[in-house]
Protein chains: 2
Amino acid sequence: MSQPFLRGVRVIESSAFIAAPLAGMTLAQYGADVVRIDMIGGGIDYGRLPRMPEGRSLYWTGLNKGKRSVAVDIRRPEGRELVQALVSAPGEQGGVLLTNIGVPWLSHDALARQRADVITCTIEGHADGSTAVDYTVNCATGLPAMTGNGSEQAPVNSVLPAWDIACAYQAAFAISAAVQGRAVTGTGAQMRLALSDVAFATMSHLGYLAEAELLHVDRPALGNFLYGAFGKDFGARDGRRLYVAAISLGQWKALVAACGLQEAVRRIEAATGLNLDDEGDRYAAREAIAAEIVPWCAARSLETIGQRFTEQKVCWGTYRTVRQAVAQDPRLGSANPVFQTVHTAGVGRHLAAGGAVRLMGVPHPPVVPAPMLGQHTDEVLADVLGLGDAAIGRLLALGIVAGPAQDPLMAG
Amino acid sequence: MSQPFLRGVRVIESSAFIAAPLAGMTLAQYGADVVRIDMIGGGIDYGRLPRMPEGRSLYWTGLNKGKRSVAVDIRRPEGRELVQALVSAPGEQGGVLLTNIGVPWLSHDALARQRADVITCTIEGHADGSTAVDYTVNCATGLPAMTGNGSEQAPVNSVLPAWDIACAYQAAFAISAAVQGRAVTGTGAQMRLALSDVAFATMSHLGYLAEAELLHVDRPALGNFLYGAFGKDFGARDGRRLYVAAISLGQWKALVAACGLQEAVRRIEAATGLNLDDEGDRYAAREAIAAEIVPWCAARSLETIGQRFTEQKVCWGTYRTVRQAVAQDPRLGSANPVFQTVHTAGVGRHLAAGGAVRLMGVPHPPVVPAPMLGQHTDEVLADVLGLGDAAIGRLLALGIVAGPAQDPLMAG
């Protein structure tokens, strides 16, 4: 990549689970040197499901691609001092810590005593320091009560940890912005980012909070209808399902043309007084519109519908499983520069994504697989701290650091 | 804010809906001068639901806080030239376009002819330029097939546009990184970011794609169980519901202690041969574990459970509606610096979130409400393009630009 935007930026990451690791990986995908620190033998997320039969975690290897791995015994003072030294090592571009592990010896103040312009970004559950994960935040947003069709006996959770993901990309943004700010002002930054603040701030941005506060309504569970315009799932003749959205006027006109709904639209408008060119009116008439499309889709195969919709530029998508997606979609393959086939130690060859942002005119950077635990211990101690072979050998012999031979999955 | 990281960065945004506007707002929340360009009278998202009775959109005002608004007749050549001039205006920090509207006159090449180091970030549905929205991408990820308890007749969609949100925060990150890269190298960047690439790349990062490719399994719909560890919703005696997660060993030990499950754990372990200190084994034993917690919660009020869980540091949260969240949660109020009360024209006073990242030691920047349409037309033409009163008066008189008096909701 001729322009790795963050080349030269070094981030020390002490993390687990999703938000912090995904933030670090995002920085690495755009050129930062991200060094993940783990306990010798692996942190609490090293074995998370799904796992290969031999034990390597597809979760961990997915979230730590392109990083360097250093294994340290952080229970011992000398191990902790090494990690502090890695964060506070001199040089224009070092001095950045990304963490979701709130330990005093990696606090901003402790590090700022060693390097005054240090940048720290700490991800936490709630801003008061209490614990939370995506699922215990999401239940409190009100979204599960709006999911499903209202007939369920309990709220319906989303399976995607959307707040972890949002938090990760915001943290990557904040670190990038803080590094840029430090280049201008010379000043570091102590940043804290709570998962619940990401969730509730985003709910504010999308209008949910103001709607509840000012209009005193809670949105109902709408099944798979889309709030505020027209969108719905439909079944094809062959049992496959698809989703159709008509948010913009252009999308609506395309749908009407593709399904031949002109007469139905006139009928619905005459009966209701609504103007279906208005998205809010389409939302009001959603049941009547859907009733016209159900038989149209049910009479045709998914292939026929898809050809017609694609020709007419309808906004639509197919329901499928992840296996179907991987097997069938050329967007998930080497035709797409975002995806490459890599070989991950202990996993084998598989499709993996790099950064989703494509920089036109330059090749997409290679997707670098996740390291073995401690794969870069020697290298990082040498190039960041300037330690020689003897000093590194001593740390290894004392068990203060470890190389990849002590990865418990090394045999994999 | 003594350190607005992106102060002096000016971004011209020509956008609609969620991903691009939320990206622009995120940049504005950290100090960038974000100028949103809209058609006179408003773009296609200006009236999106939910709306105030007088017409102002809580969706639009939520997603455009803190921006400057310029209203331009972009159907006329002189209007288009003005927008091009705003993007390519000289100065170290200008020259950035954020858009999800793929029009030739705002293409990277057209702009680069005017300013060689221009940075453009174009958000699109699919990378091939075909249309997609969050819902037509999400159905194809496989997630709806994993949502709900498997008894539904159709896949269950998420109501949160999580991919739009992820795309927004990634775009903000990419623009910040590109601006930093340009400061070092002097080179601009043409960036493209497809919503479907964000979704599938993130599915790769979380291990879903490798799991399908290598292990040949699709995850089942688990109801509200959490994949890979223990997590589940439970009902309290008073009809309220809560979610409990035990991902880490610490969270599990806290849950066992809080509910007095020590004996039940020994029983389950003896019967199954599992070790419930292992998160994967907790996942395997999830039904048996849940069966112990159901009666414990059903015998207690939510308040009693919450006190016990909070004392014991259990990771948990309450299900509630958005109205309950706004009414009851001190995290959504002035006790939290992320939230402030603002007055938005046409809306009134309401709670609104700024950026979720808190910078310790400095006051959180004020939350600036969304502008009226064209509120900053005069000001931006003067300070970015250096136009004088006469030139601006001429553009207004010709209807090439408009001020806030021509906002259709100005009376609101």
> Restricting attention to region B:8-49, and to residues there that are β-branched (Val, Ile, Thr) and in contact with a strand residue (DSSP E or B) (Cβ under 8 Å, 6 or more places away or on another chain), which single residue is most open to solvent (accessible area, probe 1.4 Å)?
Replying inline: B:ILE40
> Which fully enclosed strands (runs of 3 or more DSSP E) of region B:291-357 have 2 or more residues being within 10 Å of chain A (Cβ to nearest Cβ) and either open to solvent by 60 Å² or more (accessible area, probe 1.4 Å) or more than 19 Å from B:LEU63 (Cβ to Cβ) (or both)?
Replying inline: B:315-318
>> Under 7 Å between Cβ atoms, which residue pairs at least 6 apart in sequence (or on different chains) link something in region B:99-113 that is more than 22 Å from B:MET25 (Cα to Cα) with a partner that is in a helix (DSSP H, G or I) and open to solvent by 30 Å² or more (accessible area, probe 1.4 Å)?
In response: B:TRP105/B:ARG80; B:ALA110/B:PRO104
> If you take the residues of region A:234-262 that are over 27 Å from the mean Cα position of the chain (by Cα) and in a strand (DSSP E or B), which of them is surrounded by the fewest Cβ atoms within 10 Å (Cβ to Cβ)?
Replying inline: A:GLY235
> Within the bounds of region B:100-112, is there any residue that is of a type in the set (Ser, Thr, Tyr) and either over 26 Å from the mean Cα position of the chain (by Cα) or within 14 Å of chain A (Cβ to nearest Cβ) (or both)?
Replying inline: yes
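Kindly provide the set of residues from region A:184-211 that are without any contact (Cβ under 8 Å) to a residue 60 or more places away in the chain and not aromatic (Phe, Trp, Tyr), ordered by number.
Matches in region A:184-211: A:VAL184, A:THR185, A:VAL198, A:ALA201, A:THR202, A:SER204, A:HIS205, A:LEU206, A:GLY207, A:LEU209, A:ALA210, A:GLU211.
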>> So in region A:94-123, with the set limited to residues that are among the polar types (S, T, N, Q) and under 18 Å from A:GLY43 (Cα atoms), which one is least open to solvent (accessible area, probe 1.4 Å)?
In response: A:THR99
>> Condition check: without any contact (Cβ under 8 Å) to a residue 12 or more places away in the chain and more than 25 Å from A:GLY125 (Cα to Cα). Does B:GLU292 satisfy that?
In response: no
> Do any helices (runs of 4 or more DSSP H) entirely within region A:131-233 hold 1 or more residues that are closer than 20 Å to B:PRO4 by Cβ, at the interface with another protein chain (Cβ under 7 Å from one of its Cβ atoms) and open to solvent by 10 Å² or more (accessible area, probe 1.4 Å), and if so, which?
Replying inline: A:162-185
> Restricting the search to region B:358-371, which residues are in contact with a Lys or Arg (Cβ under 8 Å, 6 or more places away or on another chain) and either of a type in the set (A, V, I, L, M, F, W, C) or within 7 Å of another protein chain (Cβ to nearest Cβ) (or both)?
Replying inline: B:ARG358, B:MET360, B:VAL367, B:VAL368, B:ALA370
> Has region A:25-33 got at least one residue that is under 20 Å from B:ALA166 (Cβ atoms) and of a type in the set (S, T, N, Q)?
Replying inline: yes
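Is it the case that some residue within region A:76-92 is free of Cβ contacts under 8 Å to residues at least 12 places away in the same chain, in the same structural domain as A:LEU396 (by the TED database) and surrounded by fewer than 24 Cβ atoms within 10 Å (Cβ to Cβ)?
yes
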>> Considering only residues that are open to solvent by less than 40 Å² (accessible area, probe 1.4 Å), part of a helix (DSSP H, G or I) and touching a residue at least 12 places away in the same chain (Cβ under 8 Å), which ones fall in region B:389-407?
In response: B:ILE392, B:LEU395
> So which pairs qualify, if the first residue must be in region B:308-322 and touching a residue at least 24 places away in the same chain (Cβ under 8 Å), the second must be of a type in the set (Ser, Thr, Tyr) and not in a helix (DSSP H, G or I), the Cβ gap must be under 6 Å, and the two must be at least 6 apart or on different chains?
Replying inline: B:CYS315/A:THR131; B:GLY317/B:TYR243
> Looking at region B:310-339, which of its residues are more than 21 Å from A:LEU206 (Cβ to Cβ) and basic (Lys, Arg)?
Replying inline: B:LYS313
> Among the residues of region A:234-251, which ones are at the interface with chain B (Cβ under 7 Å from one of its Cβ atoms) and of a type in the set (Phe, Trp, Tyr)?
Replying inline: A:TYR243
> Among the residues of region A:360-412, how many are in contact with an Asp or Glu (Cβ under 9 Å, 6 or more places away or on another chain), among the acidic types (Asp, Glu) and closer than 29 Å to B:HIS205 by Cβ?
Replying inline: 1
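The values are calculated or read from the model by the stated rules, or taken from the named source; none is laboratory data. Please read these numbers as outputs of a predicted model, since none were measured by experiment. FYI the Cβ positions are ideal-geometry reconstructions off the backbone, even for glycines, and counts take in every protein chain you see. For accessibility, only protein heavy atoms count, side chains too; no ligands or nucleic acids. Shrake-Rupley method; radii C 1.70, N 1.55, O 1.52, S 1.80 Å.
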